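The values are calculated or read from the model by the stated rules, or taken from the named source; none is laboratory data. None of these values were measured; they are calculated from a predicted model. Cβ placement follows ideal geometry from the backbone for every residue including glycine, while neighbour counts extend to all protein chains displayed. Side chains are part of the model used for accessible areas, which takes the heavy atoms of the whole protein and leaves out ligands, DNA and RNA. Shrake-Rupley method; radii C 1.70, N 1.55, O 1.52, S 1.80 Å.
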Amino acid sequence: MESVEEHRKLVRAYAEGLWIEPVVVVSLGDVSPEFAVPGRRKDGTITGTRLIRRFFWNLLRGTTGTIASIALTLGGGELVNAFARNGRVSGPRDALALPLVDAARSATTPWLVHSPSHTAIIDAGPHHPELRWQATKPEAPRLIPTQRRLAWSDGSEYSYYLSAEEAAHQLRSRRL
C-alpha cells in the first residue's frame, strides 16, 4: 500500500504535467459534508428520489450507527457521533460547488489540487491518478486555505475538513 506522501508525489506530478505550473496538493480523506443547498438533503442526496430505498437505508443506518456510537464511546471513553459530517456545502439550488463535492465524494482517494490558474479534484485511486473535476480561472473557486474553504462566484461555498497533518501541509505549501 502506498503512503500518503507517495500518493501526494504522484498527484503533484500528474497535475503539474497537465498544467505546467506548480500546485498545492492536499488529501481530503473522507468527504462527507453537510449540505445546505435547496434540492439536497443534509447528506447530499437529491430530494424527492428513491423514497422507499431511502426509508430502509435510514432505518439500517440508524440502527447500526447507534450501535457503533455506543461501542466507540465505551471503547474510547469519550462521546463519539457516528453520524457526524465533516465540512459543509452551501449555496443556491444549482450551486457551482456541487460538481466539485460530488466528484470528491465519489473518488476513492480524493485530493484537492490548486494552482495559480486551476482547481481540481484528482483521485489517486488504486492504480494511477485520475482527474475527476477541474475548473480554470476565472470560473475556478477562490481558495481560502486558512479557513479551509473554497468560494465560488455564485455565492456557493465548500468548507472542507483536513486532518492536522494535511492542514499543516496546506499552510506550509502556500507558495501560490
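Here the condition is being at pLDDT 95 or above, within 25 Å of residue 152 (Cα to Cα) and in a loop (DSSP other than H, G, I, E, B); of 92, 99, it holds for 92 alone. Among the residues of the stretch 149-160, is any open to solvent by 20 Å² or more (accessible area, probe 1.4 Å) and within 15 Å of residue 26 (Cα to Cα)? The answer is yes, given that some residue of the stretch 149-160 is open to solvent by 20 Å² or more (accessible area, probe 1.4 Å) and within 15 Å of residue 26 (Cα to Cα).
Can you find even one residue in the stretch 107-120 that is over 20 Å from residue 32 (Cβ atoms), modelled with pLDDT under 80, in contact with a Pro (Cβ under 9 Å, 6 or more places away or on another chain) and not in a strand (DSSP E or B)? Checking the stretch 107-120: not a single residue is over 20 Å from residue 32 (Cβ atoms), modelled with pLDDT under 80, in contact with a Pro (Cβ under 9 Å, 6 or more places away or on another chain) and not in a strand (DSSP E or B).
Reported count of residues in the stretch 103-138, each being out of contact with any strand residue (DSSP E or B) (no Cβ under 6 Å at 6 or more places or on another chain) and aromatic (Phe, Trp, Tyr), is 0.
Looking across the stretch 86-122, the residues that are under 11 Å from the mean Cα position of the chain (by Cα) and of a type in the set (D, E, K, R) come down to 88, 102, 105. Restricting the stretch 36-56 to residues that are modelled with pLDDT under 90 and of a type in the set (A, V, I, L, M) leaves a set whose member that is least open to solvent (accessible area, probe 1.4 Å) is 46.
Candidates in the stretch 122-148 are the residues that are modelled with pLDDT of 95 or more and among the polar types (S, T, N, Q); of these, the one that is surrounded by the fewest Cβ atoms within 10 Å (Cβ to Cβ) is 136.
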